[in-house]
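Report on the following structure.
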Amino acid sequence: MIKNSEYNQQGQRVDGHQANIAGDGKIGQIGNNYHIAKAQFNLPPKLVEQILTLNNREQQEDFTLEKMQTEAWEPATLFVAAGTFQMGSEPDEGIPDYETPQFEMTLPAYRISEKPVTNEQYNFFLDATNRDVPSELGWQNGNDPSEEQSELPVKGVTWYDALAYCSWLIKETERPYTLPSEAQWELAARLPIEMVGSIREWTTSLWGRNRRHNLDSISKYPWKEAQEGWRPNSGHDFLKESRRIRRVTRGASLLPDGPFRVTRRESELPYMRGMKNGRIGFRVVLNWEVAT
């Protein structure tokens, strides 16, 4: 249940608030060589300069608008106001312990894409950056999705690939795109927003080294650090982490015809694309600080 009085499920702006770019707008500063989360690509100096100027623009974009003008290839996003909600599941039969206990979580405002990134949108990125098309995407036309696949969610993307897509969006739009945390994903899934349940989706959140249980202190669920003032790219959602640390995936059901549960958590190594029957996709968010 949302307790913050500013919360608005219809996605209206927060009157009297000013949006200031922060958080993952500084994504280009991670690491000595300006690379993202040890991904296998480097940001060119010009792009680094563009990213670092995001926080210094005199006229900053208002991200709290109900509708934002976007390019044809840019994912459409919805505004989610700052608020507090009950995250996770109560212990019950069939509920794994790594989804419990339910706890109170407070998030600043953000925007999240209405749908996962589509094959067509991801193909535009691949073409623009001269990247190879991995076979795991399952595109029927080889290097391009078929007409029937174009509007479907892209599947078979690594966590690093998803961050590379976000980096490219930053360059092209000068907006601070990144991946959602699992808290942002779950809050959106609890609202009247279309959260497709057919695929797993990457988040920034740390799971730990173990596939089935998040036993690492860095990722023990629920995470105290996140509850005490969550911010992008910090604490439980730190982007610069070993590639041996698994990331949380959200969405989909355990079985093809099973029920969709918004609290369902899984994990995957960041360089993997998911098994053939469980390929991973993603959606994007825009993060910023909301100051009164």
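The values are calculated or read from the model by the stated rules, or taken from the named source; none is laboratory data. Being a predicted model, the structure only gives us computed values, none of them experimental. FYI the Cβ positions are ideal-geometry reconstructions off the backbone, even for glycines, and counts take in every protein chain you see. With ligands, DNA and RNA removed, areas are computed over all heavy atoms of the protein, side chains included. Shrake-Rupley method; radii C 1.70, N 1.55, O 1.52, S 1.80 Å.
A compact table of results
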| item | result |
| --- | --- |
| Pairs where the first residue, in the range 95-119, is more than 17 Å from V262 (Cα to Cα) and free of Cβ contacts under 8 Å to residues at least 60 places away in the same chain and the second is crowded, with 16+ Cβ neighbours inside 10 Å and hydrophobic (A, V, I, L, M, F, W, C), C-beta under 8 Å, 6+ apart | T118/L152; T118/V154; N119/L137; N119/W139; N119/L152; N119/V154 |
| Filter result for G142 (assigned to a loop (DSSP other than H, G, I, E, B), of a type in the set (G, A, S) and surrounded by 14 or more Cβ atoms within 10 Å (Cβ to Cβ)) | no |
| First in the range 67-79 and free of Cβ contacts under 8 Å to residues at least 40 places away in the same chain and over 14 Å from Y122 (Cβ atoms), second anywhere and hydroxyl-bearing (S, T, Y) and not in a loop (DSSP other than H, G, I, E, B), Cβ under 7 Å, 6 or more apart | A76/S113 |
| Pick from the range 199-225, criterion at pLDDT below 90 and of a type in the set (D, E, K, R), ranking: surrounded by the most Cβ atoms within 10 Å (Cβ to Cβ) | R209 |
| E228 open to solvent by 30 Å² or more (accessible area, probe 1.4 Å) and modelled with pLDDT of 90 or more | no |
| Checking P116 against (1) touching a helix residue (DSSP H, G or I) at 6+ places or on another chain (Cβ under 7 Å); (2) on the phi < 0 side of the Ramachandran plot; (3) modelled with pLDDT of 50 or more; (4) not hydrophobic (A, V, I, L, M, F, W, C), the condition it does not meet | (1) |
| Enumeration of residues in the range 83-97 that are among the hydrophobic types (A, V, I, L, M, F, W, C) and open to solvent by 20 Å² or more (accessible area, probe 1.4 Å) | I95 |
| Conditions (1) at pLDDT below 95; (2) in a helix (DSSP H, G or I): number failed by A162 | (1) |
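To keep it simple, each residue is scored yes or no on (1) buried (at least 20 other Cβ atoms within 10 Å of the Cβ); (2) at pLDDT below 90.
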| position | (1), (2) |
| --- | --- |
| K38 | no, yes |
| A81 | yes, no |
| L107 | yes, no |
| I112 | yes, no |
| N123 | yes, no |
| T129 | no, no |
| E136 | no, no |
